[in-house]
1. Exactly one of (1) at pLDDT 95 or above; (2) under 19 Å from the mean Cα position of the chain (by Cα) is unmet by A192. Its number?
2. Restricting the search to region 136-150, which residues are in a strand (DSSP E or B) and exposed (fewer than 13 other Cβ atoms within 10 Å of the Cβ)?
3. May I ask you to verify whether G204 is on the phi > 0 side of the Ramachandran plot, buried (at least 19 other Cβ atoms within 10 Å of the Cβ), at pLDDT 95 or above and not aliphatic (A, V, I, L, M)?
4. Could you give me the residue pairs with C-beta distances under 8 Å whose first residue belongs to region 163-187 and is under 19 Å from G208 (Cα atoms), whose second residue is basic (K, R) and surrounded by 17 or more Cβ atoms within 10 Å (Cβ to Cβ) wherever it lies, and which are 6+ apart or on separate chains?
5. With (1) among the aliphatic types (A, V, I, L, M); (2) under 23 Å from the mean Cα position of the chain (by Cα); (3) over 22 Å from N25 (Cβ atoms); (4) at pLDDT 95 or above as the list, and A95 as the residue in question, which single condition is left unmet?
6. Just checking, which of D93, D115 is under 18 Å from G181 (Cβ atoms), buried (at least 22 other Cβ atoms within 10 Å of the Cβ) and of a type in the set (D, E, K, R)?
7. I need the full set of residues from region 157-175 which are surrounded by 12 or more Cβ atoms within 10 Å (Cβ to Cβ) and either within 29 Å of the chain's Cα centre (by Cα) or polar (S, T, N, Q) (or both), in order please.
8. Report whether or not G154 is among the small types (G, A, S) and either in contact with a helix residue (DSSP H, G or I) (Cβ under 6 Å, 6 or more places away or on another chain) or in contact (Cβ under 8 Å) with a residue 12 or more places away in the chain (or both).
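The values are calculated or read from the model by the stated rules, or taken from the named source; none is laboratory data. Just so we're clear, the structure is a prediction, and the values are computed from it rather than from any experiment. Reconstructed Cβ throughout: ideal geometry from the backbone, glycine too, with neighbour counts over all protein chains shown.
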Amino acid sequence: MIRSVYTAGQSLVANTARQLRLSNNITNVATPGYRQDVTTNGYFDGLLLSAMFPGEGAVREGPIGVLGVQMGVQNGPISLEQGPLQETGNPLDMAIFGDGFFTVQTSTGLEYTRDGRFSRDPNGQLITLDGSQVLGNNGPIMLPTGDVSVTEQGDVMVGDRVIDRLQLASFAPTVELKKVGFNRMQPVDPTATSGVATPRIQAGFVEGSNVDLSQSMVEMMSVYRAYEVASRTVQMLDRTMSLSVQQVGQVR
């Protein structure tokens, strides 16, 4: 019975953690460039083997299945699916169609984002909303006075003059990424960055969040029901153990 209480308690903890990540996805459904977090519940042995041997499929079960006790949440890879493009008409807004991330220079190093809401600061630098420098192949992009346009290949132009080309970064599917803030990320291994062979830039657009709101709400309800079942199980087991303790001394 103690094992049952422990299993139900682990389910409560796991579903609480999953609910928090789903809530964060839903909160950022309108955040440009946001990439949703993917999570799944599982038992410790399966989660450990999946982490040690990624991509090798599910753990083979015996004839009567697997009895798991230590339930946990497995943080899956960040979803890199394309988000919807939204037209703004601002020539300094940019969206990437397909593979790639904009490279920005911050006070703590390089960060990568799909949020292309850019502007020109008083010094002529192309910057993000928080003032970080947008990088081109030659470093921070400096914009002289004039009309700015961006080609599909990522060439930044002022008038008929090519100023620089956007420095776009790509990551192989096996590269582990970590989030920095709401809509930026970094590779755990800084050397795992590569370029984009055929960039596709849409000027005058920004990319929205790739969160599927309806699917996230369905998952949230599923997690809520699982939490409710586990909570009722704990309460039932608590009453059963209390009754057992009370009746032990009454046995003749």
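1. Among (1) at pLDDT 95 or above; (2) under 19 Å from the mean Cα position of the chain (by Cα), A192 violates only (1).
2. G139
3. no
4. Here the result reads K179/R35; N183/R35; N183/R114; M185/R35, each pair linking region 163-187 to a residue that is basic (K, R) and surrounded by 17 or more Cβ atoms within 10 Å (Cβ to Cβ).
5. A95 satisfies every listed condition except (3).
6. Working: D93 fails: under 18 Å from G181 (Cβ atoms).
Just one listed residue meets the conditions, D115.
7. Those that are surrounded by 12 or more Cβ atoms within 10 Å (Cβ to Cβ) and either within 29 Å of the chain's Cα centre (by Cα) or polar (S, T, N, Q) (or both): R165, L166, Q167, L168, A169, S170, F171, V175.
8. yes
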